[in-house]
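Below is one structure, written out as C-alpha cells, with a few remarks after it.
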Amino acid sequence: MSATIAISAAEVNRLRQVTGAGMMDCKKSLVEAEGNFDKAIEILRKKGQKVAASRAEREAKEGVVLAKTSADGKKGILLSVNSETDFVARNEEFAAFAETVSTLALEKFPADVDALKALSYNGTLSVNDKLTELVGKIGEKLEVSRYETINAEKVVAYNHPGNKLATIVGFTKNVSDDVARNIAMQVAAMSPVSLDKSDVPQSFIDSELEVGRELARKEGKPENMIEKIAQGKLSKFYAESTLLNQEYIRDGKQTVSQYLASVDKDLKVTGFKRIALG
C-alpha cells in the first residue's frame with residue numbers, strides 16, 4: 001500500500017528542514033509512513049538509534065572542542081563533541097550541531113553532561129535525540145562526551161587553532177584579557193593536573209613517591225637515601241604538573257604564581273578546565 005502513496009517535494013523538504021536528514025532518507029521515511037509526518041520523523045529517529053547501537057563499540061576520538069564565556073565574563077563552558085573520523089569533524093552539519101550545543105550550554109548552564117543532553121535542542125527534540133538523528137544521517141558514532149563549567153569573577157576561554165584543544169580559567173578579579181589569556185594558554189600548553197600542591201589527589205602523590213622509590217632502588221641508591229630521592233621526584237612533579245608552580249611559559253625565570261603576583265598581588269586563579277582530543 002505504501003508504494004502507492006504520492007509524496008510531494010514540499011513534504012520531503014519540510015521533513016528535511018525539521019530533521020536535517022538527506023532528501024532520499026526523508027522521502028523513503030515518508031513513503032514508509034504512508035505520508036504521516038510524525039511517523040516519518042520517528043522512522044528517521046529509529047534509524048539513528050539502530051546506527052548508534054551498531055557503532056557503540058567504536059572509538060570516537062576525533063571531533064571538536066569548544067570553549068565559550070558569557071557576555072559578562074563570569075561564566076565559562078567547555079565542551080567536547082566527538083566523531084570517529086576527522087572527515088566528519090569537518091562536516092558543516094556536525095560543526096553546526098557542536099556550535100548550537102555549546103551556545104545552549106552557555107545559555108542554560110546545566111549541571112553536567114547528562115543534563116546538557118536532556119535540554120531541548122530545537123523545541124521538538126532534545127540534544128540527545130538530535131545527536132541520535134545525526135548519527136543516522138552521518139553513519140558514525142557521535143558523542144557529547146565531556147562538558148565542564150567555571151563560575152568566577154572573571155572567566156577566560158582559549159580555543160587552540162583547529163578546535164582540538166581548549167581551556168577555561170577562572171580568576172578572583174577582573175584582570176585584563178591579555179593576562180587571562182596568558183594563563184589559559186599556559187593551561188593549554190602545559191596540561192597541569194591541578195591548581196596547586198594542596199589540590200593534587202593523594203593517589204597521584206602516592207604513585208609519584210612509589211615510582212621514585214622503585215627507580216632509586218633500581219639505580220642501586222642506598223636505602224637511607226630512598227625516601228629523600230622519592231620526595232625530590234615528588235617536588236619535580238609539583239613543579240611540572242601544578243599550575244601555580246609551573247615555569248611560566250613566557251618567562252622561564254618565574255613561576256605562574258610569581259607572574260600573577262607581579263600583575264596584582266591579590267590576583268588568584270580559582271580553577272581551570274582543559275579538554276584535548278585523543
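The values are calculated or read from the model by the stated rules, or taken from the named source; none is laboratory data. For clarity, every value in this text was computed on a predicted model and none was experimentally measured. A quick note on method: Cβ atoms are made from the backbone with ideal geometry, for glycine too, and the neighbour counts reach across all protein chains shown.
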Check: Pairs, please: C-beta under 7 Å, at least 6 apart or cross-chain, first residue free of Cβ contacts under 8 Å to residues at least 60 places away in the same chain and surrounded by fewer than 24 Cβ atoms within 10 Å (Cβ to Cβ) and in the range 64-92, second aliphatic (A, V, I, L, M) and part of a helix (DSSP H, G or I)?
Finding: VAL88/ILE138; ASN91/ILE138
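Name the single residue, out of those in the range 1-31 being of a type in the set (Ser, Thr, Tyr) and modelled with pLDDT of 80 or more, that is nearest to ALA96 (Cα to Cα). Let's see the steps before the verdict.
At the first step, the residues of the range 1-31 found to be of a type in the set (Ser, Thr, Tyr) are 2, 4, 8, 19, 29.
Among the residues that remain, those that are also modelled with pLDDT of 80 or more are: 8, 29.
Working: SER8: 28, SER29: 24 Å.
Step by step, filter the range 1-31, then rank; the result is SER29.
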Margin query: When you check TYR248 against the structure, is it in contact (Cβ under 8 Å) with a residue 12 or more places away in the chain and under 27 Å from THR69 (Cβ atoms), yes or no?
Written below: yes
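Identify, please: which residue in the range 177-211 is among the small types (Gly, Ala, Ser) and either at pLDDT below 90 or in contact with a strand residue (DSSP E or B) (Cβ under 6 Å, 6 or more places away or on another chain) (or both) and is, among those, nearest to GLU153 (Cα to Cα)? Let's see the steps before the verdict.
Residues of the range 177-211 that are among the small types (Gly, Ala, Ser), as a first pass: 180, 184, 188-189, 191, 194, 198, 203, 207.
In the following step, the residues that additionally are either at pLDDT below 90 or in contact with a strand residue (DSSP E or B) (Cβ under 6 Å, 6 or more places away or on another chain) (or both) were identified as 180, 184, 188, 194, 203, 207.
Details: ALA180: 12, ALA184: 15, ALA188: 21, SER194: 20, SER203: 31, SER207: 35 Å.
Checked the range 177-211; the qualifying residue nearest to GLU153 (Cα to Cα) is ALA180.
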Notebook entry, point to check: Before we move on, is LYS154 assigned by TED's automatic domain parsing to the domain that holds ALA96, modelled with pLDDT of 95 or more and not small (Gly, Ala, Ser)?
Noted result: yes
Checklist line | Conditions (1) under 15 Å from PHE272 (Cβ atoms); (2) surrounded by 15 or more Cβ atoms within 10 Å (Cβ to Cβ): number failed by VAL127 | finding: (1)
Check: Restricting the first residue to the range 36-52 and requiring it to be closer than 16 Å to ARG16 by Cβ, which pairs with a second residue that is crowded, with 20+ Cβ neighbours inside 10 Å and modelled with pLDDT under 75 meet a Cβ separation below 8 Å and a spacing of at least six or different chains?
Finding: ILE41/THR19; LEU44/THR19; LEU44/ALA21
Margin query: Going through SER145, SER194, SER207 one at a time, which residue ends up being farther than 21 Å from LEU277 by Cα, surrounded by fewer than 22 Cβ atoms within 10 Å (Cβ to Cβ) and among the small types (Gly, Ala, Ser)?
Written below: SER207
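Is one or more of the residues making up the range 129-151 on the phi > 0 side of the Ramachandran plot and either more than 17 Å from the chain's Cα centre (by Cα) or in the same structural domain as ILE77 (by TED's automatic domain parsing) (or both)? Break it down stepwise before answering.
Kept after step one, since they are on the phi > 0 side of the Ramachandran plot, are these residues of the range 129-151: 139.
Now narrow it down to the ones that are either more than 17 Å from the chain's Cα centre (by Cα) or in the same structural domain as ILE77 (by TED's automatic domain parsing) (or both): 139.
So far as the range 129-151 goes, yes, one or more of its residues are on the phi > 0 side of the Ramachandran plot and either more than 17 Å from the chain's Cα centre (by Cα) or in the same structural domain as ILE77 (by TED's automatic domain parsing) (or both).
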Notebook entry, point to check: Within the range 46-66, how many residues turn out to be assigned to a helix (DSSP H, G or I) and either at pLDDT 70 or above or in contact with a Phe, Trp or Tyr (Cβ under 7 Å, 6 or more places away or on another chain) (or both)?
Noted result: 2
Note to self: With the structure loaded, tell me whether GLY278 is of a type outside the set (A, V, I, L, M) and over 30 Å from ASN82 (Cα atoms) or whether it fails that test.
What the structure shows: no
Margin query: Of the residues ALA60, ALA67, ALA95, ALA105, only one is more than 21 Å from LYS273 (Cβ to Cβ), of a type outside the set (Val, Ile, Thr) and under 14 Å from the mean Cα position of the chain (by Cα); which?
Written below: ALA95
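When only residues in the range 222-269 that are of a type in the set (Phe, Trp, Tyr) and part of a helix (DSSP H, G or I) count, which is modelled with the lowest pLDDT?
Pass one, the range 222-269, residues of a type in the set (Phe, Trp, Tyr): 237-238, 248, 259.
Within this subset, residues satisfying the condition of being part of a helix (DSSP H, G or I) are 237-238, 259.
On the way: PHE237: 89, TYR238: 92, TYR259: 97.
Step by step, filter the range 222-269, then rank; the result is PHE237.
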Next item on the list: Would you point out the residue of the range 101-124, among those that are exposed (fewer than 15 other Cβ atoms within 10 Å of the Cβ) and polar (S, T, N, Q), that is nearest to ASP38 (Cα to Cα)?
Entry: THR124
